Amino acid sequence: NTEALGGLARAAKLSGNPKLADTYIERLRAINPDDPGIARAQQMGTQSDHNADLQQAGKLAQQGQYAQAMATYRKLYGDTPPAGDIALAYYETEAATEDGRPHAIAGLRGLVAKNPGDSRYQVALGRILTYNPKTRAEGRKMLEAHQLDPQAVEALRQSLLWDAQNPATAN
C-alpha cells in the first residue's frame with residue numbers, strides 16, 4: 001500500500017528517525033518511482049521543525065497575517081489538516097481569507113459530519129458562517145445549539161451586532 005508507506009515514511013521523519021524514513025521511501029520508490037508520497041516524505045522535517053513551523057503559523061495568524069500563516073499551514077498539512085486543535089486553527093485562519101473561506105467551511109462541515117459529538121467544530125463552523133450575511137442565519141442556528149459555550153455565545157452576540165449596525169443585511 002503506497003499510501004501507507006508514504007505515511008510511515010513521514011511519521012518516521014517527524015519522529016526524528018531519518019534512516020527508517022529512507023527505508024520506507026526506498027520501498028515506495030521500488031513500487032512506484034513517481035509516487036507523490038516520496039516527495040512529501042522527503043520534504044518533511046523533524047518534529048521540532050514541525051513544532052517551530054506550527055508556532056510560527058500561530059503567531060502570524062495572531063498578527064493578522066493570515067495568508068502567510070496559511071502558507072505555513074499548507075506546507076505542513078497540505079489542504080487537509082489532521083482533526084483536532086490543528087484543524088480548528090487551520091480552518092479558522094483560512095476562513096479569515098476571502099479566497100479560503102469556502103474551503104474552510106467545507107472542511108469544517110466534513111469534521112462536523114465525522115465528529116457530531118465534538119461541539120468545537122460546530123461552534124467554529126457556526127462562527128465562520130456568521131461572517132457572511134447570506135449564511136448568517138445558518139451560523140446562528142448552529143451557535144444557538146451551544147448556549148453554554150462562551151465562544152458560541154460571543155459569536156452569536158457579534159452576529160447580532162453586525163445586523164443591528166446594518167439593518168439592510170438582516171435576513
Cα gyration tensor, the range 42-82 - rounded (a/c under 1.5), prolate or oblate:
oblate
Cα-based equivalent ellipsoid, the range 76-150: semi-axes from gyration tensor eigenvalues, Å:
19, 15, 9
With every protein chain present, what is the per residue accessible area of the range 49-146 (1.4 Å probe, Å²)?
51
Divide by every residue of the chain the summed helix terms, -39500 (n - 2.57) for each DSSP H run of at least 4, and state the resulting mean residue ellipticity at 222 nm, rounded to the nearest 500 deg cm²/dmol.
-22500 deg cm²/dmol
Computed ³J(HN,Hα) along the range 113-124: with the Karplus parameters 6.51/-1.76/1.60, θ = phi - 60°, integer Hz and x for glycine or proline, the list is 5, 7, 10, x, x, 9, 5, 4, 5, 5, 5, 4
Bin all alpha-carbon pair distances of the range 121-171 at 10 Å intervals from 0 and give each bin's fraction as a whole percent.
32, 56, 12
List, in order, the whole-Hz ³J(HN,Hα) value for each residue of the range 80-93 obtained from phi through the Karplus relation with A = 6.51, B = -1.76, C = 1.60 and θ = phi - 60°; use x for Gly and Pro.
9, x, x, 4, x, 4, 5, 4, 4, 4, 4, 6, 5, 5
Going Cα to Cα from residue 19, which lysines come in below 28 Å? Please leave out same-chain ones fewer than 8 positions away.
75
Give me log10 I(q)/I(0) at q = 0.12, 0.14, 0.19 Å⁻¹ for the range 43-171, Debye formula, one equal scatterer per alpha-carbon, no solvent.
-0.48, -0.64, -1.06
The range 87-171: GluC sites (Glu not before Pro) falling in loop per DSSP and having at most 15 other Cβ within 10 Å
98
Rough spin-label spacing in nm, given labels placed 7 Å along Cα→Cβ, for residue 22 and residue 160
6.3
Through the Karplus equation 6.51 cos²θ - 1.76 cosθ + 1.60, θ set to phi - 60°, convert the phi angles of the range 150-164 into ³J(HN,Hα) values in whole Hz; use x for Gly and Pro.
x, 5, 5, 4, 5, 5, 5, 4, 4, 5, 5, 5, 4, 6, 5
First obtain the Kirkwood hydrodynamic radius of the range 1-72 from its Cα pairs, then insert it into the Stokes-Einstein equation at 10 °C and 1.306 mPa s, and state the resulting D in µm² per second as a whole number.
122
Out of the total accessible area of the chain (probe 1.4 Å, heavy atoms of protein only), what percent is carbon and sulfur?
53
Check the straight Cα-Cα distances from residue 134 and name the aspartates and glutamates below 16 Å, setting aside those fewer than 8 residues away within the same chain.
98, 163
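The values are calculated or read from the model by the stated rules, or taken from the named source; none is laboratory data. Treat the numbers as computed from the prediction; the structure is a model and nothing was measured. In this analysis, Cβ positions are derived from the backbone assuming ideal geometry, glycine residues included, and neighbour counts consider all displayed protein chains. Keep in mind that these areas ignore ligands, DNA and RNA; they rest on the heavy atoms of the full protein, side chains included. Shrake-Rupley method; radii C 1.70, N 1.55, O 1.52, S 1.80 Å.
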